[in-house]
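Accompanying notes for the structure given below.
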Amino acid sequence: MPNQDDSSNRYSPHWDTEDPSKSRLIVPVFFLYPQYATSDMITEFLENTPFSAHLAVMFPPNSTPAEWDKNKEYVNGKLVVYAMTRRKRLLKVGKNMTLLDVCNAAKAKKGEPRDGLELKDGFLTFVVLPKGTDAEKKWVEEFKAIRSQG
């Protein structure tokens, strides 16, 4: 449970208090948009919620684009989400995948070194880019280049 008195970390993973079984985890998440060097914070991402549910609310079609979206490319259904693992693997998040699905996909296979998503300052981080664009290709290439150096 999060420390209610600790103002330095107001957000941290915790069990869903509305779930009587106390078996559903809520995790704070950052969505990074590297194309524009900006981000969004989702303070309570329920582990069994698909990523598409958040994107549908944040980037609905036929709505005014975010102020930073200069090319008007960030529209639900035209976005791709990436997760980076501890061992620098890059996972493409399917639109119907839940946070729990991504956590399970990020786990190391049996016999491999430890892996998984990294919790930094109480948050998991995901990269969101317009699908099939030069911005996506450039970011993936840069990620792979940095990974190969490390």
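The values are calculated or read from the model by the stated rules, or taken from the named source; none is laboratory data. Since this is a predicted model, take the numbers as computed values, not measurements. Ideal geometry is used to build each Cβ from the backbone, glycine not excepted, and the neighbour counts take in all protein chains shown.
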Test each condition in (1) crowded, with 16+ Cβ neighbours inside 10 Å; (2) within 23 Å of Pro28 (Cβ to Cβ); (3) touching a residue at least 60 places away in the same chain (Cβ under 8 Å) for Leu119 and report the one that comes out false.
-> (1)
Residues that are at pLDDT 95 or above and at positive phi, drawn from the stretch 117-150 | Gly132
Does any residue of the stretch 33-43 turn out to be farther than 20 Å from Leu124 by Cβ and over 18 Å from the mean Cα position of the chain (by Cα)?
-> no
May I ask you to say which residue of Glu142, Glu112 is out of contact with any strand residue (DSSP E or B) (no Cβ under 7 Å at 6 or more places or on another chain), farther than 29 Å from Ser12 by Cα and surrounded by fewer than 13 Cβ atoms within 10 Å (Cβ to Cβ)?
-> Glu142
Close pairs (6 angstrom Cβ cut-off, 6 or more residues apart or separate chains): in contact (Cβ under 8 Å) with a residue 40 or more places away in the chain in the stretch 127-138, outside any helix (DSSP H, G or I) and aromatic (Phe, Trp, Tyr) anywhere | Val127/Tyr82; Val128/Phe31; Val128/Tyr33
So which of Ala66, Ala106 ends up being among the small types (Gly, Ala, Ser) and over 19 Å from Pro13 (Cβ atoms)?
-> Ala66
Of the residues Pro20, Pro50, which is in contact with a Ser or Thr (Cβ under 7 Å, 6 or more places away or on another chain) and farther than 22 Å from Lys138 by Cβ?
-> Pro50
Going through the stretch 83-109 one residue at a time, which ones are over 20 Å from Glu142 (Cβ atoms) and either more than 15 Å from the chain's Cα centre (by Cα) or surrounded by fewer than 13 Cβ atoms within 10 Å (Cβ to Cβ) (or both)?
-> Asn96, Asn104, Lys107, Ala108, Lys109
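Yes or no, residue by residue, for (1) touching a residue at least 12 places away in the same chain (Cβ under 8 Å); (2) in a loop (DSSP other than H, G, I, E, B); (3) buried (at least 16 other Cβ atoms within 10 Å of the Cβ):
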residue: Thr17; (1), (2), (3): no, yes, no
residue: Pro20; (1), (2), (3): no, yes, no
residue: Phe31; (1), (2), (3): yes, no, yes
residue: Pro60; (1), (2), (3): yes, yes, no
residue: Val75; (1), (2), (3): yes, yes, yes
residue: Val81; (1), (2), (3): yes, no, yes
Test each condition in (1) in a loop (DSSP other than H, G, I, E, B); (2) of a type in the set (Val, Ile, Thr); (3) crowded, with 17+ Cβ neighbours inside 10 Å for Thr64 and report the one that comes out false.
-> (3)
